[in-house]
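Shown next, in structure tokens, is the structure this report addresses.
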Amino acid sequence: MQILEKDYQVNSVRKAIEAGCDSIIALPTGGGKSICILKLCQAMPDKKVVISLRNAALIPQILHTLTINGLSVSVVKSGYKYVAGGDVTLIMEQSFGRRKHLNIECDVLLRDEYHVGCMGGVYIAMREELSPDLIIGLTATPIDRLGVYIDKSMLLIEETTTKQLIELGELAKPVYKVPSLSQEIDYSAVKMYRGDFSVSDLDCILLEHCSLVAQQTVDDALSHGRKVMLFANSIKHVEALSEAFTLIGIQHELVHSKRSIDDNNESIRRYKSNEIRLIINMSMLTIGFDDPTTDCVVLARPTKILRLYLQIIGRCLRASKGKVSALILDLAQCISTHGFAEDYRDFTRKTAKSAAIMSERLSVTNIGQFVDGEFSFNESIERKIVKRKSSSTRKNIRRRLVVSKEFADRAASKRAEALLRLNPRMEKLVSTIELVNIVYEQQNESNKMLDEIGMVKVVALIGFAYSDSLVDSCTKLVEGLHAQDKSIRGLLLRISNLITAIARKELAIKA
């Protein structure tokens with residue numbers, strides 16, 4: 001069978017092989033990681049390749065993709081007969097420890113869903129036992145629970161984004177809805193646990209709203225013919241929601257860890273075969289679940305974990321024949337916390353502080369305008385029309401940019417090194433400026449952005465007159481300008497005036 005690979009898949013595979021070091025290929029959900037795995041195996045026929053999986057549901061899919069394209073596969077998993085000598089060895093990671101006696105040889109280790117358990121003992125023990133020369137991970141979200149790049153020792157390869165795949169038609173176009181119900185719930189008193197809301201504390205709030213969630217799901221999704229995956233907070237929440245849907249006569253299936261494997265598999269089968277159009281789950285269908293006909297996810301639980309949010313909304317973004325759009329129905333303030341599927345996210349953030357700042361600055365600040373109505377990403381970032389400058393002015397701007405491009409490129413290449421020398425306050429200021437630039441770029445308002453040269457000058461200027469209060473004031477200045485939808489291009493002059501004002505105040509006090 002001939003696989004029609006995409007350019008971004010080909011480039012990802014090529015870069016991973018040519019890099020000569022361990023790497024992570026980041027592809028959005030629906031971007032074709034299984035095809036990349038196939039192409040990696042085909043590109044290294046002289047290597048002993050081992051593919052490690054943590055999700056048993058992915059094994060039939062990967063196995064089918066490999067075998068139908070002419071590769072023989074040795075499978076290491078309970079329920080499969082192991083036959084040595086395959087072109088590729090497919091391992092269920094949790095099964096490996098009991099099968100060390102197989103003495104599997106490994107030159108290259110490919111690991112799908114790399115973000116899951118990559119710092120855990122099971123994977124580390126298997127990696128040390130196999131001792132590969134090269135490791136290539138694949139994931140849609142190469143970040144940990146705090147939003148930090150998952151493994152700094154590995155090169156990140158990111159050849160496309162969710163927004164680009166949506167524009168190309170490779171993924172379904174998302175539409176968003178935020179019912180007023182979601183805005184009326186107060187989560188401020190909920191305790192935090194491991195970077196997210198406490199499950200038990202959330203249940204105290206969410207269990208009271210199950211009937212409203214059920215009716216909202218019917219009104220906004222099921223009554224419009226959509227096929228719905230609903231993500232709940234706990235097993236208790238799943239069962240309470242199931243009762244609520246039953247009371248209003250909606251057929252559905254539910255999946256959670258206290259049900260038997262056979263019962264869960266039967267529920268999934270009925271959902272995938274379109275016998276029912278609603279499935280309620282808690283965590284079990286977040287990763288590795290593939291049903292392109294799903295065209296709605298219902299977020300019935302809030303989360304502070306960006307990675308979890310992106311994995312959930314990715315469940316409905318796969319393209320499918322006849323699928324016009326994918327509805328993300330937010331009943332838990334997730335969009336206002338994490339933004340949109342199409343937002344650009346820098347996965348290379350190296351500290352929890354900078355990752356949290358990014359998530360916060362990408363939040364939707366004008367969500368109130370869209371309550372109770374469907375809207376798109378483009379509608380969410382519309383701003384007042386910017387008057388076009390004269391053609392002569394635009395030519396002058398282009399000429400200045402060309403003249404200074406070498407300096408800008410040199411400055412950009414040293415940004416990562418420079419950020420390591422910044423203290424937390426300066427890092428927050430720089431991150432804030434970068435993220436405001438991203439928002440303005442998404443809004444096609446580049447005239448409001450501060451360029452790289454301006455950024456270097458701002459950092460240098462503050463460095464000469466540094467104080468904690470100055471940096472905090474500068475950060476508030478940037479946030480204030482953005483809140484008013486104003487340009488930050490003239491930041492250098494504003495900060496210079498701010499330094500002057502602070503110096504005059506200090507001199508006056510001393511006098």
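The values are calculated or read from the model by the stated rules, or taken from the named source; none is laboratory data. This one's a predicted model, so the numbers in the text were calculated from it and none came from an experiment. Note: ideal-geometry Cβ built from the backbone for every residue, glycine included; neighbour counts use all protein chains shown.
Counting only helices (runs of 4 or more DSSP H) that sit wholly inside segment 199-305, not one has at least 3 residues that are touching a Phe, Trp or Tyr at 6+ places or on another chain (Cβ under 6 Å) and of a type in the set (A, V, I, L, M, F, W, C). Scanning segment 126-183 for residues that are without any contact (Cβ under 8 Å) to a residue 12 or more places away in the chain and among the acidic types (D, E), we see that the one that is farthest from I17 (Cα to Cα) is E167.
Residues are listed down the side, and each one gets a yes or a no for (1) part of a helix (DSSP H, G or I); (2) at pLDDT 80 or above; (3) more than 28 Å from the chain's Cα centre (by Cα); (4) under 18 Å from S431 (Cβ atoms):
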site	(1), (2), (3), (4)
E441	yes, no, no, yes
L450	no, yes, no, yes
M455	yes, yes, no, yes
A460	yes, yes, yes, yes
S469	yes, yes, yes, no
D472	yes, yes, yes, yes
T475	yes, yes, no, yes
H482	yes, yes, no, yes
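Here segment 177-233 is the region considered, the condition is being of a type in the set (S, T, Y) and buried (at least 17 other Cβ atoms within 10 Å of the Cβ), and the residue that is farthest from C316 (Cα to Cα) is S182. For segment 173-184, the criterion of being modelled with pLDDT of 95 or more and farther than 14 Å from D330 by Cα is met by at least one residue.
Each row is one residue, and each column tells you yes or no for (1) small (G, A, S); (2) at pLDDT 90 or above; (3) not assigned by TED's automatic domain parsing to the domain that holds C41.
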site	(1), (2), (3)
P60	no, no, no
T67	no, yes, no
V88	no, yes, no
S95	yes, no, no
N103	no, no, no
V108	no, yes, no
M119	no, no, no
E128	no, yes, no
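Tally the residues that are buried (at least 21 other Cβ atoms within 10 Å of the Cβ) and closer than 27 Å to R349 by Cβ, restricting the search to segment 117-139. Total meeting the criteria: 6.
Exactly one residue out of I104, I62, I124 is aliphatic (A, V, I, L, M) and more than 30 Å from G147 (Cα to Cα), and it is I104. One residue alone among R269, R301 is crowded, with 20+ Cβ neighbours inside 10 Å and charged (D, E, K, R), and that residue is R301. Here is the figure for segment 337-364: residues that are in contact with a Ser or Thr (Cβ under 8 Å, 6 or more places away or on another chain), at pLDDT below 75 and assigned to a loop (DSSP other than H, G, I, E, B) total 2. Among the residues making up segment 122-163, a single one is assigned to a loop (DSSP other than H, G, I, E, B), over 12 Å from I24 (Cβ atoms) and among the basic types (K, R): R145.
Only a single criterion out of (1) surrounded by fewer than 21 Cβ atoms within 10 Å (Cβ to Cβ); (2) farther than 16 Å from R315 by Cβ is not satisfied by E253, namely (2).
Would it be correct to say that Q61 is of a type in the set (S, T, N, Q), surrounded by fewer than 21 Cβ atoms within 10 Å (Cβ to Cβ) and within 23 Å of M126 (Cα to Cα)? It is true that Q61 is of a type in the set (S, T, N, Q), surrounded by fewer than 21 Cβ atoms within 10 Å (Cβ to Cβ) and within 23 Å of M126 (Cα to Cα). Selection of first residues in segment 268-289 that are at negative phi and in contact (Cβ under 8 Å) with a residue 60 or more places away in the chain and of second residues that are assigned to a helix (DSSP H, G or I) and of a type outside the set (F, W, Y), restricted to Cβ pairs under 6 Å at least 6 apart or on distinct chains, gives the following pairs, ordered by first then second residue: I287/Q311.
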